[in-house]
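Reviewing the structure listed below.
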Amino acid sequence: MKSTHQNIFILVILALVLSLAAESHPGHAADDNKTDSTRQRDSAVISRLSTVPNGNFEKWQDGTVTGWNLDRGKLFADEHSKMRGNRSVCIQVDPQETMKWPFCRISSDSFSLEPNTGYRMRLWVTSAFQGWVETIIHSMDDSLFSEAGRVTGVHAWAEDFYTTNGFPWVPVEVEFMTGDSTDYGITILATAVKLGPNDKVWIDDVRIEKTGKVKAMATTEDHQRGFQLFSRSVMKSDGLEKTPPEQSEIVDTLNIRMSRGEFEPALLGLHALQDLEGVDLAIATDLKGSGNATLSKTDVVIRRLDGALLPLSHARTIGAHQTIAWWVTAHAKAATAAGIYDGQLNILVAGKTVARLPLSVEVMDLTLPEPDIAFLVYHHEAYFPPEFLTAELRASYYQDMLEHGMNTITVYNNPANGEELDFSRNYTYKKESPMFTVGLDQHMEEILDSGLCKTGQPVFWLPLRYGSKATLKSTLERWKDRQWPTPLLYVHDEPGGTGARAEAALAKLKQIRSWDIPVKTTTAGLDPRTGVLGQFYDVWVIGDRGIHYENHMNAQKLGCELWQYNCNSPHENMAFARSFYGFLPFRTGVKGVAYWAYYDARKWLADSQGNAQGDPGSQRLSLVCVSPTGPIPTLAWEAVREGIDDYRYCQLFQSLLNKAEKRSAELPGQLENLEHQLQLAQRARNLVIESIPFDIGVARFSAMLGDFRRGKYRPPLALTDVGEDSLTITETKRWMITNQILVLQDNLRQSESFTASKNREQR
């Protein structure tokens, strides 16, 4: 308990430091450049600044809530269900509603906010509702509603989430930047999936507060070229087109910092001040380091941010006040010399270079270790249209997985058809499928040739049917003869712990045990706390809510490995994907991480230019979109790579910390610098890693929440969120770990020199 309190205290102190740093940021000096007329306007606005009218919903008159207007549905005060104060407002879908997706909606009276200023809107919501709740802040100068009931207009910022019946009060937040307008309003829209008598949503305590951020003011040069250039955290890529740049985000150089062998991204945004045709970004030349060192321009890949997709860059036409961005990824090979590499990015309009931006890539004197746990995504080729399963494209998928940190894979290949065994066939598919002729021999060789599984992690083998004792034994003998990585036999998908699925899995497991064949078994969706399945599976792949001390202790007791997986986080959610593959597994010590899925959309396709086609609802949980020229990454897929790198940084940090502790113990009192740094590093570990709640399921409020906010959920990575941005906390933690690594590494080298010198003196 003492350690926990210490961690909280440290985090609070850090928050105060970060807050002070933010207040002293150069971006906040923009007020010094204001004209007298601007100051007078701002002063006038401040004098009539108001809070959200009746944001606590305490004032009512004649059954109507003061300061708010009912646009659709029904409305009433509720003195029993409330977050704060004496009552909340409850809005309800009209039972007479005939729309397929019925909705109810309220909007506030107008209120004043300062122009070009950052704000945060926060409110509390609970419901007896299955559907979506959307909260929107909008300028009163814009058109408010479209025919579909959605808010439109240039100045509109929204936060929405899926809600299910019975979840407790939860906060909803949206950050936004005002434009030149001073008059704003709030709209709350609730859409029912299925109309029922209890389709209600309760709202309480609506507040708006300043964030301290200031909109970037365009310079004369900006107006001449027609745009502003800015950079922000890649973790804030989703919804970038709705958020104009802040003053602190304006850049004159795009900076990337990375280790040898790493892929590292940066985000470059462009905010148009006028209509622009054919806007594009290109790398000009190779990047030059010290001496003859170079970083090839082919190692810098530029992709355009297109919603949650990242196709390769191409020219785009944009209108005034629109914001676009590019995702710039640098790759340093393992042999790349440490140092700073300077290059140039060209911004083109109508095919002509109109601006040049320096690109600086720092390659640190660090080499990240190979992960010591398994990382994979479920990859079932049955979800791919046949034309996207050519040998070349299949090879591109494996290469893409490798470059995103995967070190193993799922193999849906079944060489047995009843008692028949044929390693040149895959009986998972029908004979007309192009994958029918890709047998287990070919499949495994292609995977190994790609570089996947090179570190010895086991392969997830998911045969549709493994046949008799003889066929399973023969297949495993083939596996051993070919020296393929150890297979984990996937026995019955998501059996839970009780019920028909669990009983079916148990029967199969007992059968395999009776054959006395040495094969490790696994499945996802196991609940080992109920029934007897846990003792029959060698590797438990458990949903994130099941990663807690009880399951860890039970796994250790039975000699089983504990892995984690997720199959309900969409491709827009970078924060979850990065945490799930990074700091969370390092904190809990699981032996593997799996994610559904690489691609499971079937109809989410793109053309050769990367333009996505198909029903948006078909995207499901795919981490890539397929195209004739190869996979197109999503934001979550890029976040997965960043998460695995977070894990590798933690792994390197821990190994250096162990070495420093050993060196300090070997030469007590003789390595003052190292011992001092060791103390700082130990504190940093407590702050960065030990502060992460171990029981992920507990941190998710409770199991009753279900998927109420699956698209927005961000795992808690600290014991307190004071001063922490949940979107960028992973970057903050990476930065702190990296700096500790560099200093520890330097001090360890000095200690080795000290020991060598001492040994020479003793000779």
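Values in this text are rule-based calculations from the coordinates and carry no lab data. All figures in this text were calculated on a predicted structure; none of them were measured in a lab. Glycine also receives a Cβ, built like all others from the backbone with ideal geometry; neighbour counts cover every protein chain displayed.
Observations
- Positive minus negative residues near ALA395 (Lys, Arg vs Asp, Glu; Cβ under 9 Å): -2
- Cα-projected label distance for GLU503 with ASN739, points at 7 Å along beta-carbon direction, nm: 6.0
- Full-stretch length increase - GLU420, ARG513 - with 0.36 nm per residue and alpha-carbon distance subtracted: 31.3 nm
- Cβ-Cβ FRET estimate between ALA391 and SER753, R0 fixed at 51 Å, reported to 0.05: 0.45
- Extension gain, SER360 to GLU79, is 95.3 nm, computed as 0.36 nm per intervening residue step minus the present C-alpha separation.
- Counting beta carbons within 10 Å around each of ILE318, ILE340 and listing the fewest first gives the order ILE340, ILE318.
- The label point for ASP180 and the one for THR220, both projected 7 Å from the Cα toward the Cβ, are 2.0 nm apart.
- Available extension along the chain between ASP746 and SER290 is 162.1 nm, counting 0.36 nm per residue and deducting the alpha carbon span.
- ASP252-LYS333 FRET efficiency (beta carbon distance; Förster radius 30 Å; 0.05 resolution): 0.60
- Greater than 24 Å apart at Cα, pairs in LYS297/LYS454; LYS520/LYS557; LYS469/LYS520: LYS297/LYS454
- Neighbourhood charge, 13 Å Cβ-Cβ cut-off, centred on LYS508 and excluding it, Lys, Arg +1 and Asp, Glu -1: +3
- Using the Karplus relation 6.51 cos²θ - 1.76 cosθ + 1.60 with θ = phi - 60°, the per-residue 3J(HN,Hα) values for the range 484-492 come to 6, x, 4, x, 9, 6, 7, 10, 6 Hz, with x marking Gly and Pro.
- The order of ASP646, ASP516, going from fewest to most other C-beta atoms within 10 Å of their C-beta, is ASP516, ASP646.
- Spin-label zone in the range 355-378 - amide nitrogen under 15 Å from a point set 7 Å from the Cα of ALA282 along the C-beta vector: 355-357
- Applying the criteria of a DSSP loop state and at most 10 other Cβ atoms within 10 Å to the trypsin sites (Lys or Arg not before Pro) of the range 178-275 yields LYS194.
- Cα gyration tensor, the range 374-649 - rounded (a/c under 1.5), prolate or oblate: oblate
- Across the range 551-696, C-alpha contacts under 8 Å between residues 6 or more apart give a mean separation that, scaled by the residue count, equals a relative contact order of 24 percent.
- Highest to lowest packing among 563-572, 463-472, scored as the average C-beta count within 10 Å: 563-572, 463-472
- Sites listed here are GluC sites (Glu not before Pro) in the range 627-672 whose DSSP assignment is loop and whose Cβ has at most 11 other Cβ atoms within 10 Å, and the list is empty.
- Identified option (computed Cα extents along the principal axes in Å; candidates (1) 84, 67, 50; (2) 103, 74, 60; (3) 81, 79, 61): (3)
- Spacing of the modelled spin labels on ASP493 and THR98, each 7 Å from Cα toward Cβ, amounts to 4.1 nm.
- Local net charge near GLY67, Cβ-Cβ under 15 Å (Lys/Arg +1, Asp/Glu -1): -4
- Estimated FRET transfer efficiency (LEU558, SER474; beta-carbon r; R0 41 Å; 0.05): 0.90
- Panel order for ILE91, ILE542, ILE137, by other beta carbons found within 10 Å of each beta carbon, from fewest to most: ILE542, ILE137, ILE91.
- Per residue of the chain, the DSSP helices (runs of n ≥ 4 H) give a summed -39500 (n - 2.57) that works out to -8500 deg cm²/dmol at 222 nm.
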